[in-house]
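One structure is given here, and the rest of the page talks about it.
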Amino acid sequence: MNIELRHLRALEAVGEHRSFTQAARVLHITQPALSRTIQQLETRLGVTLMVRTSRSVRLTAPGEVLLQRSRKILRDVQAALTEVSREPEFRVGFPWALPDPWFSRTTAQFEASTGVGLRLSRRDDIHAALLDKTVDVALSRRDISSEEVECVELAGEVRVAAVSTRSPLAHRTSISWNELGQYPLVVNTVSGNTRPTLWDDPHRPRTILECHNYDEWAALVASGRGVGATPRSAMASHGHTGVVSIPLDDAPPVPLCLAWLRGEENPLVRAFHTAAVAHLPERPRPEDSFKVSRGPINRADIGIV
């Protein structure tokens, strides 16, 4: 049985994103190449690892077992390579689009000040990635603090409405936050930020369509089954041909949070936080996509000084 690391990486990517499109993008290969790799793995094992439909990917019971084992194998391999390598790296996990040029400037300062390369790692369940230690810090669109994870809000980003290009709303120049709540709402329950509870009760959406990652969310909105709300940077960098963004009036900003394991002694975490805060805009303007949170950051309170 000839199983290679590329087979396990392909399984991990598809299992993580539940989407061949996004998994291929993360692996920097074509979808046909990814499909062939998964088929090779299934043929060599003699089992079906996943069931693929036009809208989703579902792992079978053997697929789930192998996914969990593969994650550990890949973590161990990466740890061994890092241990013997003279070129350490700092892994930043994120669920989807990051605001730019803020992140580019943060990366440049971090690498210049530490001499360590920064590697991005997209993860839908960013909290689990921290616990698994597959990332060193995480940038999240919501507070993911827990007993194991420390989380601080860095800033807030402008939220826009996302509607199907076929929707009557597609030609609007703006939509009020409360009006958006009158329509069925598509909610990414794993890595999204928009929740029905963000609306006051009289204006809260009554119909909710749940999904589990950004790609599923975009597909549901494009189909016209519901509307969504997301950071403007997400629409700019991860747009869908069937989805258009509309400015939202009076919408709450989307938080950008930095998270790490509690008790973490890694000095690179401190260096990354310093670089991230250094490049936050000081005086947000109405036309800016990225805005500083109203509450000041007390660095002593979050354990990074």
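The values are calculated or read from the model by the stated rules, or taken from the named source; none is laboratory data. Being a predicted model, the structure only gives us computed values, none of them experimental. Here the Cβ is made from the backbone with ideal geometry for all residues, glycine too, and neighbour counts use every protein chain on show.
Here are a few things to note about the model shown:
- Filter result for residue 116 (closer than 18 Å to residue 279 by Cβ and within 21 Å of the chain's Cα centre (by Cα)): no
- Close pairs from segment 40-60: first polar (S, T, N, Q), partner exposed (fewer than 14 other Cβ atoms within 10 Å of the Cβ), Cβ under 8 Å, at least 6 apart: 60/48; 60/51
- Residue check, residue 251 small (Gly, Ala, Ser), at pLDDT 50 or above and touching a Lys or Arg at 6+ places or on another chain (Cβ under 9 Å): yes
- Condition met for residue 37 (part of a helix (DSSP H, G or I), outside the structural domain of residue 239 (by TED's automatic domain parsing), closer than 28 Å to residue 269 by Cβ and modelled with pLDDT of 85 or more): no
- For residue 239, the criteria (1) over 22 Å from residue 21 (Cα atoms); (2) not in a helix (DSSP H, G or I) hold in every case but one, which is (1).
- Screening the candidates 60, 53, 43, 48 for the property of being in contact with an Asp or Glu (Cβ under 8 Å, 6 or more places away or on another chain), more than 28 Å from residue 155 (Cβ to Cβ), outside the structural domain of residue 218 (by TED's automatic domain parsing) and not basic (Lys, Arg) yields one hit, 48.
- Considering residues of segment 190-236 that are outside any loop (DSSP other than H, G, I, E, B) and of a type in the set (S, T, N, Q) only, the residue farthest from the chain's Cα centre (by Cα): 197
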